[in-house]
Amino acid sequence: MVQFWKIIDTLEYLENIQDEIAEISEELIETYYSDSELLINFLQGLCKGLIADGRIEQEEIECLYNYLVDYSGYLSREPMCQIFYETFKDVDLDNISSNQKAKIKALITDFSGCDNQGSVDGLSIGSSFFDTVEGLDLSGKIIQLTGRFKYGTRSKCKALAESQGAIVLDDWRMDIDYLIVGNSNSRDWIYQSYGRKIERAKEYQVKQNHKVKIITEEQWIVEV
């Protein structure tokens, strides 16, 4: 039988470790505070933790809100993060409606790249960050494909798009109409090249009022 004093020592040790981790995290944030990429990484990790049990509680919403407020000087200027500030703009933390709570939960889920069942399949980042295009027509449109596609290889997808009249580019161009993102991607979208392309396209949309639309493979293929 484990002696009581050993349990106490173990608990104290764990508390000290937690304190050390917190101090290191604060030092990292202070050191790289101007690096908004690091802050976005922290935000994605926070969202993954908040949605891990498939629920979102009042205290968790307040935790997210406080993080956004603490680093608003950088994150509020990031196109991928502006939707958080827009969502919280009309939220009264002392009186959150069920609809607002559901919207916040959906946003956290979409940004984290997770789903309520913890599945690794599906979109790498959720629908909150994609555009909806009614009656998608690629004829004469300039597009770029990014990520891994459930439909098949990149060459197969390119052939399909070209058969629909699209001009498929390998690199970004200012007259691009659509960025199509494959569904078979890692949930850690923020660390992957297709995640960078989504961020770039979103930045052009927000900061330069660019015409590019970011759509999913699912939306494209359903139109075939």
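Look at segment 147-174: where a residue is within 14 Å of residue 217 (Cβ to Cβ) and modelled with pLDDT of 90 or more and a partner is of a type in the set (S, T, N, Q) and not in a strand (DSSP E or B), sitting 6+ places away or on another chain with Cβ atoms under 7 Å, you get 164/139. Check segment 75-85 and report whether any residue there is in contact (Cβ under 8 Å) with a residue 60 or more places away in the chain and crowded, with 18+ Cβ neighbours inside 10 Å. Taking every residue of segment 75-85 in turn, at least one turns out to be in contact (Cβ under 8 Å) with a residue 60 or more places away in the chain and crowded, with 18+ Cβ neighbours inside 10 Å. For segment 81-134, the candidate set comprises residues that are closer than 19 Å to residue 147 by Cβ, of a type in the set (S, T, N, Q) and in a loop (DSSP other than H, G, I, E, B); within that set, the residue that is modelled with the lowest pLDDT is 119. For residue 162, the conditions (1) exposed (fewer than 11 other Cβ atoms within 10 Å of the Cβ); (2) over 24 Å from the mean Cα position of the chain (by Cα); (3) charged (D, E, K, R) all hold with the exception of (1).
Among the conditions (1) over 23 Å from residue 77 (Cβ atoms); (2) modelled with pLDDT of 90 or more; (3) in a loop (DSSP other than H, G, I, E, B), residue 211 misses just one, which is (1). On the stretch given as segment 67-80, residues that are not hydrophobic (A, V, I, L, M, F, W, C) and not in a loop (DSSP other than H, G, I, E, B) total 5.
Here is a check on your reading of the model: is residue 64 under 16 Å from the mean Cα position of the chain (by Cα), in a helix (DSSP H, G or I) and more than 24 Å from residue 207 (Cα to Cα)? Lay out the reasoning, then the answer.
Details: under 16 Å from the mean Cα position of the chain (by Cα): yes; in a helix (DSSP H, G or I): yes; more than 24 Å from residue 207 (Cα to Cα): yes.
Considered against the rule, which asks whether it is under 16 Å from the mean Cα position of the chain (by Cα), in a helix (DSSP H, G or I) and more than 24 Å from residue 207 (Cα to Cα), residue 64 comes out as yes.
Exactly one residue out of 26, 59 is surrounded by fewer than 15 Cβ atoms within 10 Å (Cβ to Cβ), modelled with pLDDT under 65 and assigned to a helix (DSSP H, G or I): that is 26.
The values are calculated or read from the model by the stated rules, or taken from the named source; none is laboratory data. As the structure is a prediction and not an experimental result, all values here were calculated from the model. Here the Cβ is made from the backbone with ideal geometry for all residues, glycine too, and neighbour counts use every protein chain on show.
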